[in-house]
Amino acid sequence: MLTSPRPRLKTAFKKGRCIAPLHTSGPVAVTPDGSKLVTCVAEEILLTDVITGTEICRFSGDTQPITSLCVSSSSAHLLVFTSSLSLRIYEIPASSLTSRKPIQPIRVVARAHDAPVHVCKADPTSTYLASGSADGVVKVWDIIRGYVTHAFKGHGGVVSALAFDYPQDPSLVSQTHQMRLITASVDTRIRIFDLSAAASRTAGSQKPEAILEGHVSVPRGLDVSLDGKWLVSGGRDSVVLIWDLSSKEKPPKTNGESNKRKGKGKGISPTLAKTIPVFERVEGVGFLRPEEDLPGSSSTTDKIRFYTGGEKGVVKVWDGREGAVLFTLGQEDENISDDQEEQRQIVDTIYVPSTSTLVSVHADQNILFHSLSTKSLIRQLIGFNDEIIDATFLSPRTHLETETPVKALSEDTHIALATNSSLIRVYSTSGLDARLLSGHTEIVLCLDHGVGGRVLASGSKDRSARIWALSKLNLEHVDTNQDWGCVAVCEGHAESVGAVAMSRKGGEHDGQLGFMFTGSQDRTIKMWDLSGVPLTNEGSKNGTAEHIVKCKSLTTHKAHEKDINSLDVAPNDKLLASGSQDRTAKIYDIEYVTGSGRKAARGEIKLLGTCKGHKRGVWNVRFGRTERVLATGSGDKTVKLWSLEDFSCVKTFEGHTNSVLRVDFIDAGMQLVSAGSDGLVKLWNVREEVCVATMDNHEDKVWALAISTNESIIVSGAADSVVTFWEDCTEEQEHEKENKRSELVLKEQDFLNYLSLNDYRKAIELALTMEQPGRLLSLFADIRSTTSLAESEDPLEGTAAPSITGHPSVDEVIRTLPGADLARLLRYVRDWNAKAKTSGVAQGVLFAILKLRPAEDVMQAFGDEAGQSMIMNGSIEKTTGVGGTPLKELVDALIPYTERHLSRMERLVQESYVVDYILGEMDDGMFDGELEDDESSMDVDTKIAMQV
């Protein structure tokens, strides 16, 4: 009988990609090529690659909130205004390589305005920057030189929108059209200023060429067409106005203000060409390029097409001449509350012509990328997830009955997250692209997947559970993140649904989901029949009411005395486990009979046993994959392993410093993964009951834990809104250890070869390189003992100067050691000097260093060591000290032990005299006469020789 090989135990995980806060508040900008995104997280500015979702760099701020920012048309500069009223100009890195160092500004204007700047915009030539402040002042800056070229006053309040009027069509540049600046403020008026050099020299250059009145509320968006002929403005009065800038007709005077230009020539006199009601407050408006091939638009060459975004949370594309909506990007949800509607409204829209994309920024910190060519959502970046409560992997292409999967069956393409929100986040595992699943009306508390990851189950505070699935069309596009739809709802609990568990084997053979369990705050467990729930969403993307199946409850069981925190179904669908705040875990037997013909499905659970032993509530329960065991995580900081035969505790794992919130098995049940309130994820070996790895990347409670199908990735999500992907690096680590071991064996052999050849220079240098102080100690001790033995045999032989260390070549090595190696040797001497057994060697080497090297070399050695450490690390990091600081530490460590060794030697000398005296007294003077006779008979030369 063949047995499957035992899995190789994992010992190390490294941090892979992270899903961290991308945008919390403040303005957003996209580079003109559409490849990079600029967002604000608290007081920091992030630059992110749109395609991969990786953070490229961060821009250093001044610890104040960002009020406005923009990117120049050339993508070369980022211009930022903060609440400290400063203007900071940065250079945007050209490459997309990640940089850990924050980008410093190339220029800072300390007080650019006297009030906060809420809008700013760069001109099409990347030469000028316009900024409008809350005190009604608009300034135009030279970006490169950093000075003010124009200042316009007279706005009746906060400046709300800016636009440059400069023809970008090459055929129009040669005409007499000059650059103009168009502004809007809360006084509802739109002003046009001339920025030409001739106008700036006239006395009336500070006054507008024209003042346009038509809005009755604050205009929030302005844009000028490429040919400079049309101006579009949209405001919170729910209308869009199209102005003809080429008109020369002079409008009448209003409110005592004149539209005449002082000086020579006639001023422009724009006229209102069309008023279009949009029936929502407009927060962003702009023209589309004429070359955009949009379905439903007119075929004439003089098209006027623009987009709007506002309170309804969708982007609309309009035909300006007809005043009709061509199409809508996004979908309005009419069944949401007023608070949710406020959160989903659009606060800004960005048009990227190079990629034919419209970007909408929403009040709930979500950033949506819409394709104009396909009229679809191509990417959604979620700015802030709040607390991560639960997570589970999804594999939409597993076990397809009708077609062969394109991807491997073990590959997880998506991960679903439950956060402190009613919306479920479904992320692509390869990037930051995500989708929001709307359907619950309260916070989603728990998630689970079924049918190998093809369907998703969720439980919420709204007392219901829902089943989600993709449509067949979406299943064909596995490489992109598609919309999921609700296919079933389970209602019947009296309190929040805090735990869900789906059948593990359902759908494998008969194409049905089988059953599902839900646990609630009402202390009951309900069993639901999912046999009539489809595996794909045949209705609309969001699952309209007529396509949602109402599931039937098969049984309701009063399970615990307190809230039910967790449920789990055994891999064979025969057992159910529940964990509760009443400090117990219970095991139930599942009986389920599928319906056939007119017979309805039947289901029931029977209590088999109770696992008692935890001192606090049980947060999580999980069945073993192969063994008949149950793992529980509790608020008493322990993980316990229970036998399913007699429901006794067989193992207890201690190591977390706070509540254990999640547990799971890997490697066929031979290892456990746990996550706790201490922010740590731990990997345990079940047999030895020891923690083999600790993963730390969170600053708050780790509520969510998910393991990929192939068990190579562990995902942890915490209350700090960070999701971390931990990748198995056991094999890499073993390869590195093996390589280091092989290199060490070769170096050790070389070391022995050098010793046998008396090549002490290479031996000492190699021992220092290998960082093996033990081998150095043995080398110096052997040289010392060999020299002492030779001196004892022939004390007066030879006339050459004696070696300080005992060997001339060793003296030469110490005399010529590089600075970093000398500092390392001195640190070894310090360690040897701390022990009486090795202090003799330490004192000998120290004496040689002080005799052979000047003091300047010793001081410089530590500076060289610090410089070498910086080069190897690739950055300036904190070391043990630079210059005199490490030398002082070394001396302070050497002096006390040296004094102790000196006092010990003096004490031994004194004791040796006592021994001599005792020996002399013990012979009772019997040899004194003989010694005197011998001395008297010696000649003078013999006495002198003996004295010597």
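The values are calculated or read from the model by the stated rules, or taken from the named source; none is laboratory data. These figures come from a predicted structure and were not determined experimentally. Reconstructed Cβ throughout: ideal geometry from the backbone, glycine too, with neighbour counts over all protein chains shown.
When residues of segment 207-243 are filtered for being within 17 Å of Arg180 (Cβ to Cβ), in a strand (DSSP E or B) and charged (D, E, K, R), how many remain?
Matching residues across segment 207-243 total 1.
Table: residues versus (1) at pLDDT 90 or above; (2) crowded, with 20+ Cβ neighbours inside 10 Å.
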| residue | (1), (2) |
| --- | --- |
| Ala197 | no, no |
| Gly214 | yes, no |
| Trp243 | yes, yes |
| Pro251 | no, no |
| Asn255 | no, no |
| Ile268 | no, no |
Is it the case that segment 41-55 has a residue that's surrounded by fewer than 18 Cβ atoms within 10 Å (Cβ to Cβ), closer than 21 Å to Phe384 by Cα and of a type in the set (Gly, Ala, Ser)? yes
Could you run through segment 847-862 and say how many residues are touching a Leu at 6+ places or on another chain (Cβ under 9 Å) and either closer than 11 Å to Ile804 by Cβ or charged (D, E, K, R) (or both)? 3
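Pull up segment 576-614, narrow it to residues that are of a type in the set (Lys, Arg) and closer than 15 Å to Leu641 by Cα, then point me to the one that is surrounded by the most Cβ atoms within 10 Å (Cβ to Cβ).
Taking segment 576-614 first, the residues of a type in the set (Lys, Arg) are 583, 586, 598-599, 602, 606, 612.
With the extra rule that they be closer than 15 Å to Leu641 by Cα, the set shrinks to 583, 586, 612.
Numbers: Arg583: 20, Lys586: 25, Lys612: 14.
Among those residues, the one meeting the criterion is Lys586.
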If we keep only residues of segment 136-174 that are surrounded by fewer than 18 Cβ atoms within 10 Å (Cβ to Cβ) and within 26 Å of Val347 (Cβ to Cβ), then the residue modelled with the lowest pLDDT is Gly156
Count of segment 714-728 residues which are outside any strand (DSSP E or B) and touching a His at 6+ places or on another chain (Cβ under 7 Å): 2
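Anything in segment 60-108 that is farther than 18 Å from Cys120 by Cα and either touching a residue at least 60 places away in the same chain (Cβ under 8 Å) or aromatic (Phe, Trp, Tyr) (or both)? List them, or say none.
Ser96, Arg100, Lys101
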Out of the residues in segment 638-669 that are among the hydroxyl-bearing types (Ser, Thr, Tyr) and assigned to a strand (DSSP E or B), which is farthest from Ser712 (Cα to Cα)? Ser643
Those residues of segment 98-115 which are buried (at least 18 other Cβ atoms within 10 Å of the Cβ), of a type outside the set (Gly, Ala, Ser) and part of a loop (DSSP other than H, G, I, E, B) amount to Pro105, His113
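Anything in segment 810-853 that is among the β-branched types (Val, Ile, Thr) and more than 20 Å from Met770 (Cβ to Cβ)? List them, or say none. Walk me through how you get there before you give the answer.
Kept after step one, since they are among the β-branched types (Val, Ile, Thr), are these residues of segment 810-853: 810, 813-814, 816, 829, 838, 841, 845, 849.
Ile849 - this is the single residue of segment 810-853 that is among the β-branched types (Val, Ile, Thr) and more than 20 Å from Met770 (Cβ to Cβ).
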Can you tell me which residue within segment 770-792, out of those that are modelled with pLDDT under 80 and among the hydroxyl-bearing types (Ser, Thr, Tyr), is farthest from Pro818 (Cα to Cα)? Ser792
Filter segment 504-533 for residues that are polar (S, T, N, Q) and either part of a strand (DSSP E or B) or modelled with pLDDT under 90 (or both) and give the result. Gln512, Thr518, Ser520, Thr524, Ser531
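Output the number of residues of segment 760-783 satisfying the condition of being part of a loop (DSSP other than H, G, I, E, B) and surrounded by 15 or more Cβ atoms within 10 Å (Cβ to Cβ).
Restricting attention to segment 760-783, the residues satisfying the condition of being part of a loop (DSSP other than H, G, I, E, B) are 771-772.
The next check asks that each one be surrounded by 15 or more Cβ atoms within 10 Å (Cβ to Cβ); those that pass are 772.
Within segment 760-783, residues that are part of a loop (DSSP other than H, G, I, E, B) and surrounded by 15 or more Cβ atoms within 10 Å (Cβ to Cβ) number 1.
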So Cys70, is it under 30 Å from Thr429 (Cα atoms), among the hydrophobic types (A, V, I, L, M, F, W, C) and outside any loop (DSSP other than H, G, I, E, B): no
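Out of all the residues in segment 470-503, which are modelled with pLDDT of 85 or more and touching a helix residue (DSSP H, G or I) at 6+ places or on another chain (Cβ under 9 Å)? I'd like the intermediate steps shown before the answer.
Let us first name the residues in segment 470-503 that are modelled with pLDDT of 85 or more, namely 485-503.
Selection gives Gly485, Cys486, Val487, Met502, Ser503.
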Hey, Ser712 surrounded by fewer than 20 Cβ atoms within 10 Å (Cβ to Cβ) and within 21 Å of the chain's Cα centre (by Cα) or not: yes
Can Thr610 be described as in a strand (DSSP E or B) and under 18 Å from Asp448 (Cα atoms)? no
Let me spell it out: the conditions are (1) at pLDDT 90 or above; (2) crowded, with 18+ Cβ neighbours inside 10 Å, and Gly61 meets all of them except one. Which number is the exception? (1)
Is one or more of the residues making up segment 186-193 among the aromatic types (Phe, Trp, Tyr) and modelled with pLDDT of 90 or more? yes
